[in-house]
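The values are calculated or read from the model by the stated rules, or taken from the named source; none is laboratory data. Computed from a predicted model, the values in this text were never measured in an experiment. No Cβ is skipped: glycine too gets one built from the backbone with ideal geometry, and neighbour counts run over all protein chains shown. These accessible areas exclude ligands, DNA and RNA; they are computed on the full protein's heavy atoms, side chains included. Shrake-Rupley method; radii C 1.70, N 1.55, O 1.52, S 1.80 Å.
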Amino acid sequence: MVAEEASGLLVPHARRRYEAVVDSVLELVEARGLRPGDALPTERELADLFGVSRNVLRQAFGVLEERGLLRTVRGSGRYLREAPGDDGKLGARALVEVASIADVLEARTLLEVQVAALACERRTAEQAQTLAVLAGRLTSWEDNLAFHCAVAACTHNFVLERLVRQQAELADELHQRAHYKDPDELQHMRAEHQAIAEAIAARDSAAAQDLVRRHQHRTRRILFSPAER
């Protein structure tokens, strides 16, 4: 316990523990049939149930809050985030993850549309060639991340690169790909990446921005019910 809590830092063993608690909290949500907006059990109850210190539990809560899955109401407790369109057919975990992914996609659209314009202006010939290669090599989430980060790298602004990477990694932590229903989705995304790469290579800012906007909006559509597509 001392090693876990000394100086407020987590050693690797404690880090593994709080990451396991993140999954345990979400599994408990499903097991107890909680719905979006419902309160979680008390901190004391969860610490006893999982057999961990409150420090480890709070680290897990911090991760869940960073992912937008929980909200803390001071003096009241912790609650699952609200999820629009909760018809009771999907589990709470899936609902709150998709709701958070929608927030990430909205933020990514605002950011990456402008990044694409700057990439058109600043990209080098070598970077344009790299984008073309990455756009045609989409077989995994890592390939997707590499492409979007490469577009951001074309801006030569490390802050923009970092923001794009952080948002894409957050989508991965929220299991975005697990919510895709179309087995051909990677093929569609590959074609969109190639079109974006071509627009940046041509320094066509208007086309690049429109393509990025369409790319993000299409991703949002496939995550929701058929009625919303």
Just wondering, is there one or more residues in the range 92-104 that are in a helix (DSSP H, G or I), at pLDDT 90 or above and touching a strand residue (DSSP E or B) at 6+ places or on another chain (Cβ under 8 Å)? yes
Scan the range 1-32 residue by residue and report those that are open to solvent by 100 Å² or more (accessible area, probe 1.4 Å), of a type in the set (S, T, Y) and modelled with pLDDT of 85 or more. none
Regarding the range 172-189, can at least one residue be identified that is in a helix (DSSP H, G or I), exposed (fewer than 14 other Cβ atoms within 10 Å of the Cβ) and modelled with pLDDT of 95 or more? no
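Please go through the range 138-166 and give me each residue that is part of a helix (DSSP H, G or I) and modelled with pLDDT under 95, ordered by number.
Listed by number, the residues that qualify are W141, E142, D143, N144, L145.
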Can you name the residue in the range 104-118 that is under 15 Å from D210 (Cβ atoms) and not hydrophobic (A, V, I, L, M, F, W, C) and, of all such residues, is surrounded by the most Cβ atoms within 10 Å (Cβ to Cβ)? E112
Taking the condition of being acidic (D, E) and touching a helix residue (DSSP H, G or I) at 6+ places or on another chain (Cβ under 8 Å), how many residues in the range 138-159 meet it? 1
Output the number of residues of the range 20-42 satisfying the condition of being in contact with a Pro (Cβ under 9 Å, 6 or more places away or on another chain) and part of a helix (DSSP H, G or I). 1
The range 121-137, residues that are open to solvent by 50 Å² or more (accessible area, probe 1.4 Å), touching a helix residue (DSSP H, G or I) at 6+ places or on another chain (Cβ under 7 Å) and either at pLDDT below 95 or not in a helix (DSSP H, G or I) (or both): R137
Looking at the range 66-84, can you tell me whether even one residue there is farther than 30 Å from D210 by Cβ, of a type in the set (S, T, Y), out of contact with any Lys or Arg (no Cβ under 7 Å at 6 or more places or on another chain) and not in a loop (DSSP other than H, G, I, E, B)? no
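With respect to R203, determine if the residue is open to solvent by 50 Å² or more (accessible area, probe 1.4 Å) and part of a helix (DSSP H, G or I).
No, not satisfied.
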